[in-house]
C-alpha cells in the first residue's frame, strides 16, 4: 500500500471524505518548520507552496507557476493530479470541491493551519451547511517519525539595529486599535511579533522568528511563548517592558475566556481555530494587522543598516562571480557553487543565516523558477550557458535578496537577447517616477511592457517587500499587475526581478532591491522614485548593447560606477582590478 | 435676497437642514436635459459634473479637476465654497456632512436623482439612523421657469448600423440573468436601453437616447416610455418584437407591485427611489447591468461603421485645421471656430449631432480642461500660441471623439516641449502590447510615466470608452491608474488623451480613439494591442524631434502615411497637397 492509500484508511476511520493538507503552520507562515511539512511528507513535492487534497479515490496538488516543472518531476502522477494554477481550464480547489462534493460528505482539515478567510471563502461556495471537521490533524499518529515542534533561543535586537523601541512601536499599534474602536488585538503572525518586540529566534528555517501569539489590550501585552526559549537577559528585557509572558500552550484557553471586547484581528493572518475560539459576545473588527504596514516602512536606522548589509552581501557575490568567471579547470557543480557562496557570506561579521535556500541553476535548470539543486538534479557548471543565481542573506544589519544571471563560456544570441530584454525591464522599473498614491501593481506595467513587446512574459510577480532580519518575502508592498495593491511609500524596500524562462534551455532573472525615496513635490503632488540598493554588476558578456537606448546605457554605467565605489574596498587587488574591467562603460 | 437665500426659506418650510443637489436625472445620465439642471440654476456653475450642498448657513460645491478654474470663475464665493475634489485636505461630501450634522438634522434630496449606492454609502457614514427626506424635489414650484421634461421622437437603428438584432441582444441579457439566478431585471440607464432595443431618440443634448425604464422577466419585456414619442413604424417594430409598451409615468407604480421575484439591479445605475419602491418580499441581486459590458464590445458591423465615421469626421477636422493654419487675415474667435467646425461636420451624410459641445480653447483657455467658450469668455484666435480643439460627432455609423492642439503663429520652446511630451505619452499607450486580463488601469502607467519623468501630470483619466451613437463617455473601459478596473477586451473602443496644462498659459491634449484587437497568442497567453482609429495628423510645427526616439518617430510617420491614404480622397486638391506636406516624414 502506498502512503496515500494508508492515509485514506485513517480518513475512513475518521469518516472524512476530503482532507486538505496546506503548506502552513499555526501562524500562517510562508516557510514552515519540519513539524508542519505534512504536504511534502505525503506528496513528495518539496516546493515552498502548494495545497494537497485527498479524496476517497484520488488526490490533487495545486501549485503555482514557480513550481509547474518541479511538481511534475516530484509527484507520482498515478496517484496525484498536479493542478497548475492560473493555466487555462485549471480548477481552483473550491471549484473542484464544488464539482465533487455530495451533500453529506465531510471535509476535514486542521483549523489551525488555515486562515479564517480561507474557511469563510470555502463556506461561501456552497448553498448548504458544510459538514466540516476542522479540529483534526490526521498526521498526528500517522506520521511516525514526525519532527518535534521547533525550539530555538530568543535573542534581542539592539537599538543600533532596529532603531525604534518596543514601547514606541506599541504606541503606534494602540493608536491604530483606538482608530478602529478596539480594546484588544490578537497577533499570531510571527514576523509581526518579532518586529514589535525587537526579538528574534530561529524556529523556522531561513526566517529568524519564534513561535508565539500575542494579545494586546489597553492595559497589557501578553506574549504566549515556550518559556524555555527565554534566557535571563530576554526575561529581564520583557519584564522591564511590562510584557506579560504566558506559555505557548495556554493561548487557546486564554482567548476562549475573553468576553465583551472589541477585538481587532486580521482574518487573512489568524487561523480559523483562533476565530472559532473567540466567544460570540465579543465584537470582531477584521482589519489588516497594523504591524504589517508599520514594519514595511523602514526607519532611518534600518535603512542605513540595510545599505551596509547590501554592501557586505554584494562583496561576497562579486567574489563569487569572480571565482566562477575566472576559474580555470574548476570543477564546479550547482551544489558546490551554493556552498562556495555560503562560505563567502559566512565570513562577514553580523551574518546570521541565508535568507532562503540559494537557487543556483545552470542552463535548463534556470527555466525552473524556484529550482533547488539536490543530489539527484545536480549538474556540473561547465561548458557554455547561463548560470542563474538567486540568493540572499540575513545579517544583523538586515536582509538581502538578489539574482544575477552569469554567462559561462560562449553565450548564444538568443540568450543575449533574453538577457538584454530582462535588463531593459529591470531598468524600466528602477528608473520609474510616480506620484504618491500610485497603486504598486500599476508600476508593474513598466517592466512587463518591455517583455510583452517581445511577446514574452514571466509567471511571477516583479517584486516583493523584504523584511529586516525577518521574512525575505514581506507584505504589503509588491509589484504584481493583476492584483489591486496598496501604494508604495518612502521607506519601503521592494525587489525588482523580471525574468525570461525558456523551457529546457535557460532562464534569465535580474534582481535588485529598490528603496522608495522622495523625489520633488510640485502642484501635481509628491513625486516618488527608487534608489537601487543592491550592488552587483550585470554581465556585459550577456548584454547586446544594440538593443539598449542611450538612457538605459547611461543607467547601467552609473550603476556600475556607484557599485564600484561602494564595494571595491572590500575586495582583494585582483578582484578589484577585475571588477573595474567588467564595470567598464558600455 | 439671493436665490440661495430664497431656497433656504423653502428648506425651512420643509424642515430640511441640508439639501443636496446633484448633477443627475432619474436615469443616472452623465449629461442631463434642461429640466434637471437645478444645480446650475442655483449655483451658476455650468460644468457637466458637480454636487451642491445647501446648509442653513452656507453652501458647498464639489467639482473635479476638470472644473477647478471654471467653478472659481462662475460661482459667487461669498455664498458658495468650491471644494476641489482630490486636492490635499479637501473633504468629501460625506466627511463634510459628518462634521456638520447634528442628530436630529434632516437631510433632503430627490431620491430619483441619486443612485442607490450613493444613499447606502451616505447611511453607512453615521452610526445612528439618519433623518432623511428622499421624496422631495424642492425645485418643483421654486424654479418658476423650469423647462419641461424632454420630448423627442424615437427612431430605429437599422441592422446595417447596429449589426445585432434586439432578440439576440435580449437572449444574452436573459442568459446573464439566468447565471445570476434572476427572473427579473430592471434597467433604467438610457444608453443601455437604447442599445438593447436598437432605438435612438433625442431627449438629452448630445446623447441620442430617450427617457425610459425597462423591466425584463423570463416571459416579457416591458418598456415604460412616453408613448407620444413612438411613431407608427417604431410601434410596429416594438409589436413585432413582442415588447410591451407602458407609459413612462406608470413605472414606479408597476415596480411597487412586483412580488416574490429575484430581481437583478445595478445599484450604481438605478436611482434610490426605484430601490425603495421594490417590496421586501423580493430578492435583490445587485450586479452590473449585463448590457454595460455587452454594448462596450463592438461587433464587426459596428467596427466597420465606426471606422467609416472616423474617416468622415477626420476629413472635417483636417479641412478645419487647413483653414485655421492657412488663413490669411481671417478674424477667427473661439466661438466662430466652433461654428466653422460644426458646419464642416454637418455636410456629411449620416451626421446626427455633435457628441459633445466642442472645446475650442486658445492659449490660457487651453489650461481649463473642459473649457467652453461663451460670449463672455470668447477671445480672438490670432497672434501666436496653441489652440486646443476637443470635439466629436454622432453619425449613424458611430460616435467620434478627438482632440488636436494646433500651433498658431510662433510656438515657444516650452510649448513644443509640452506638446512633444504629451505626444510621447500618447504613443506609449497607442503602441502598448498586453496580455488578455490585464486591468485597464495598469495600462495607464505607460502614458503617465512619460509625463511623470518630466514631473508633469494631468488631472483626468487617460481614456474612456466611446458608445455607438450613444454616450461619448461609455463604461466600463477606461484608463485611470488610481482605480482598479476591468480588463480591456478585443472590440472595445477607448480614447487615448494625455495632456499637459500650464495655468494661465496654455494646454496641450492629444486624443485618438483606440480599438482593442488581438495580437499573437503563445505559451504566455493571448496578447492584445491597439489599432488607432482616429485619422488626423499631429502638428509638426509643435513637435521637437530631438525629444523623440526612433520608434516614436517611426510610429508618427506610419500614422501620417495611414491617415493620408484613408482621408485624402475626401479632400480638395489644395487641401490634399497641404495634407501631404504636413504629413511629411519626421
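The values are calculated or read from the model by the stated rules, or taken from the named source; none is laboratory data. Computed from a prediction, not measured in an experiment: that's the story for all the values here. When we count neighbours, we look across all protein chains shown, and the Cβ atoms used for this are built from the backbone with ideal geometry, even at glycine.
Data table
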{"read-out": "Test: residue in the stretch B:529-537 that is in contact with a strand residue (DSSP E or B) (Cβ under 6 Å, 6 or more places away or on another chain), within 14 Å of another protein chain (Cβ to nearest Cβ) and either surrounded by 15 or more Cβ atoms within 10 Å (Cβ to Cβ) or under 17 Å from residue B:512 (Cα atoms) (or both)", "value": "yes"}
{"read-out": "Filter result for residue A:473 (within 29 Å of residue B:523 (Cβ to Cβ), under 19 Å from the mean Cα position of the chain (by Cα), surrounded by fewer than 23 Cβ atoms within 10 Å (Cβ to Cβ) and away from chain B (no Cβ under 13 Å))", "value": "yes"}
{"read-out": "Single residue of B:192, B:233 found to be outside any strand (DSSP E or B) and over 29 Å from the mean Cα position of the chain (by Cα)", "value": "B:233"}
{"read-out": "Test for residue A:35: is it modelled with pLDDT of 95 or more and either in a helix (DSSP H, G or I) or surrounded by 21 or more Cβ atoms within 10 Å (Cβ to Cβ) (or both)", "value": "yes"}
{"read-out": "Among the candidates A:500, A:508, residue that is within 12 Å of chain B (Cβ to nearest Cβ), part of a strand (DSSP E or B), modelled with pLDDT of 95 or more and buried (at least 24 other Cβ atoms within 10 Å of the Cβ)", "value": "A:500"}
{"read-out": "First in the stretch B:135-153 and farther than 23 Å from residue B:108 by Cβ, second anywhere and assigned to a helix (DSSP H, G or I), Cβ under 8 Å, 6 or more apart", "value": "B:148/B:35; B:150/B:34; B:150/B:35; B:151/B:228; B:151/B:229; B:152/B:229; B:153/B:229"}
{"read-out": "Subset of the stretch B:476-495 (residues that are part of a strand (DSSP E or B) and either surrounded by 24 or more Cβ atoms within 10 Å (Cβ to Cβ) or within 13 Å of chain A (Cβ to nearest Cβ) (or both))", "value": "B:477, B:479, B:487, B:493, B:494, B:495"}
{"read-out": "Which listed residue is surrounded by fewer than 23 Cβ atoms within 10 Å (Cβ to Cβ), in the same structural domain as residue A:509 (by TED's automatic domain parsing), closer than 28 Å to residue A:540 by Cα and modelled with pLDDT of 95 or more, from A:436, A:455", "value": "A:455"}
{"read-out": "Residues located in the stretch A:46-63, provided they are without any contact (Cβ under 8 Å) to a residue 40 or more places away in the chain and surrounded by 17 or more Cβ atoms within 10 Å (Cβ to Cβ)", "value": "A:49, A:50, A:52, A:60, A:61, A:62, A:63"}
{"read-out": "Test for residue B:180: is it closer than 22 Å to residue B:300 by Cα and outside the structural domain of residue B:106 (by TED's automatic domain parsing)", "value": "no"}
{"read-out": "Residue A:481 modelled with pLDDT of 95 or more, under 19 Å from the mean Cα position of the chain (by Cα) and farther than 29 Å from residue A:196 by Cα", "value": "yes"}
{"read-out": "Unmet requirement for residue B:361, which otherwise passes all of (1) under 19 Å from residue B:68 (Cα atoms); (2) touching a helix residue (DSSP H, G or I) at 6+ places or on another chain (Cβ under 7 Å); (3) surrounded by fewer than 19 Cβ atoms within 10 Å (Cβ to Cβ)", "value": "(3)"}
{"read-out": "Residue match in the stretch B:356-368 (condition: under 30 Å from residue B:168 (Cα atoms) and more than 20 Å from the chain's Cα centre (by Cα))", "value": "no"}
{"read-out": "The listed residue being at pLDDT 95 or above and touching a strand residue (DSSP E or B) at 6+ places or on another chain (Cβ under 8 Å), out of B:386, B:340, B:344, B:423", "value": "B:386"}
{"read-out": "Search result, residues across the stretch A:420-466 that are more than 10 Å from every other protein chain (Cβ to nearest Cβ), within 22 Å of the chain's Cα centre (by Cα), part of a loop (DSSP other than H, G, I, E, B) and within 20 Å of residue A:489 (Cα to Cα)", "value": "A:461, A:462, A:466"}
{"read-out": "From A:51, A:55, A:46, residue being at pLDDT below 95, in contact with a helix residue (DSSP H, G or I) (Cβ under 8 Å, 6 or more places away or on another chain) and not assigned by TED's automatic domain parsing to the domain that holds residue A:373", "value": "A:46"}
{"read-out": "Qualifying residue in the stretch A:167-177 (condition: in a loop (DSSP other than H, G, I, E, B) and either touching a strand residue (DSSP E or B) at 6+ places or on another chain (Cβ under 9 Å) or buried (at least 19 other Cβ atoms within 10 Å of the Cβ) (or both))", "value": "no"}
{"read-out": "Qualifying positions in the stretch B:69-127 - in contact with a helix residue (DSSP H, G or I) (Cβ under 9 Å, 6 or more places away or on another chain), modelled with pLDDT under 90 and assigned to a loop (DSSP other than H, G, I, E, B)", "value": "B:86, B:87, B:125, B:126"}
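Yes or no, residue by residue, for (1) in contact (Cβ under 8 Å) with a residue 40 or more places away in the chain; (2) within 32 Å of the chain's Cα centre (by Cα); (3) more than 30 Å from residue A:65 (Cα to Cα):
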{"position": "A:507", "(1), (2), (3)": "yes, yes, no"}
{"position": "A:515", "(1), (2), (3)": "yes, yes, no"}
{"position": "A:521", "(1), (2), (3)": "no, no, yes"}
{"position": "A:529", "(1), (2), (3)": "yes, yes, no"}
{"position": "A:535", "(1), (2), (3)": "yes, yes, no"}
{"position": "A:541", "(1), (2), (3)": "yes, yes, no"}
{"position": "A:550", "(1), (2), (3)": "no, no, yes"}
{"position": "A:562", "(1), (2), (3)": "no, yes, yes"}
{"position": "A:573", "(1), (2), (3)": "no, no, yes"}
